[in-house]
Amino acid sequence: MGVERRRFIQLGLAGTAAYLAGCTDAPTAALEESPAEKLPQGPLVLSTWDHGLPANERAWEVMRAGGSVLDAVEQGVMVVESDLSNRSVGLGGLPDRDGHVTLDACIQDHDGRAGSVAFLQRFEHPISIARAVMERTPHVMLAGAGAERWALENGFSTRDVQIPEVQAAWQKWLERGEYKPVANIENHDTIGMVAMDAQGRLAGSCTTSGMAYKVHGRVGDSPIIGAGLFVDGEAGAACATGVGELVIRVAGSHTVVELMRQGRSPAEACKEAVLRIQRKHKDLKDMQVGFLAIRADGAYGGYALRDGFSYAVHTAQGNELVPSAFG
Ligand code: GLY
């Protein structure tokens with residue numbers, strides 16, 4: 001069956017009319033201005049922040065070369081994991097309060113198979129270890145020393161990285177050593193990626209070095225299926241960025257996908273997850289959370305707690321950075 005025909009069947013009559021007209025899927029008034037609430041033709045890759053642009057480029061190339069959407073979301077975020085100038089993803093990330101860079105990542109496919117690693121040190125590509133956990137073990141999540149030992153036993157090697165700028169920043173933080181982790185509210189944080197291939201199959205990935213100067217042992221939302229990432233090919237895919245504790249408390253990405261299953265548009269679903277966070281927390285000053293989502297019919301959107309969150313969207317028309325709706 002051709003892709004266009006399959007897409008029309010997925011959308012039904014009303015959806016097809018909107019698709020042909022290039023229309024959005026009935027956004028709420030508050031979200032009408034969102035430029036991203038639309039149905040693209042063909043494959044689609046979304047990822048968080050500016051670093052999403054090169055990640056999307058790679059993911060797109062992988063699919064164009066015949067790779068699966070799962071290959072695409074793995075290899076897309078690997079670009080950012082390898083970028084040692086990035087201070088919130090990979091081995092270039094800022095350390096915890098004891099000076100250790102600890103990494104969290106997860107991956108999930110269209111059928112809900114999932115793999116995850118948490119509190120991992122000295123590996124360049126936690127996302128690939130997460131995928132290996134999914135494919136080579138009966139488990140979903142490995143953490144800490146056990147995850148590191150398993151990775152070594154399964155062909156992954158460690159890499160030691162010393163970055164003077166990172167050491168200096170940590171030393172400076174230690175001067176006051178406030179028991180207060182630092183959250184990124186603009187420009188960067190976790191990379192979360194959700195993607196759909198030309199056959200409508202979904203996958204997602206999420207990887208981070210977590211919050212700067214966190215307590216040693218702290219794990220955020222990024223490796224937790226349902227928090228930092230959730231994919232269910234029947235309903236959609238969502239990922240999160242920002243202060244992980246806020247996302248975990250509302251099972252953020254799972255919430256977004258379930259709301260899409262109930263008929264909400266992607267941006268509306270992301271907004272409702274943000275509203276839940278707002279309702280449950282009195283003081284969100286200096287905190288940011290953002291969600292991205294693709295619905296099973298290819299509609300997509302995002303929403304953030306505050307201004308400053310942008311995400312990269314790659315469609316057949318190109319790869320661009322889109323400012324997220326917020327509020
Ligand atoms: N969202 C990344 C973290 O909180 O660790």
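At a glance:
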read-out: Among (1) closer than 18 Å to Asn56 by Cβ; (2) within 13 Å of the ligand (Cβ to nearest atom); (3) touching a helix residue (DSSP H, G or I) at 6+ places or on another chain (Cβ under 8 Å), the one test that Thr241 misses; value: (3)
read-out: Yes/no for Gly217 being within 14 Å of the ligand (Cβ to nearest atom) and either among the hydrophobic types (A, V, I, L, M, F, W, C) or within 13 Å of the chain's Cα centre (by Cα) (or both); value: no
read-out: All positions within segment 284-327 that are under 17 Å from Ala203 (Cα atoms) and not in a strand (DSSP E or B); value: Ala296, Asp297, Gly298, Ala299
read-out: Restricting segment 244-271 to residues that are within 22 Å of Gln199 (Cα to Cα) and hydrophobic (A, V, I, L, M, F, W, C), the residue that is farthest from the ligand (Cβ to nearest atom); value: Met260
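Any read-out appearing in this document is the output of simple, stated calculations on the displayed coordinates, not a laboratory observation. This one's a predicted model, so the numbers in the text were calculated from it and none came from an experiment. Positions of Cβ are backbone-derived with ideal geometry, glycine not excepted, and every protein chain shown enters the neighbour counts.
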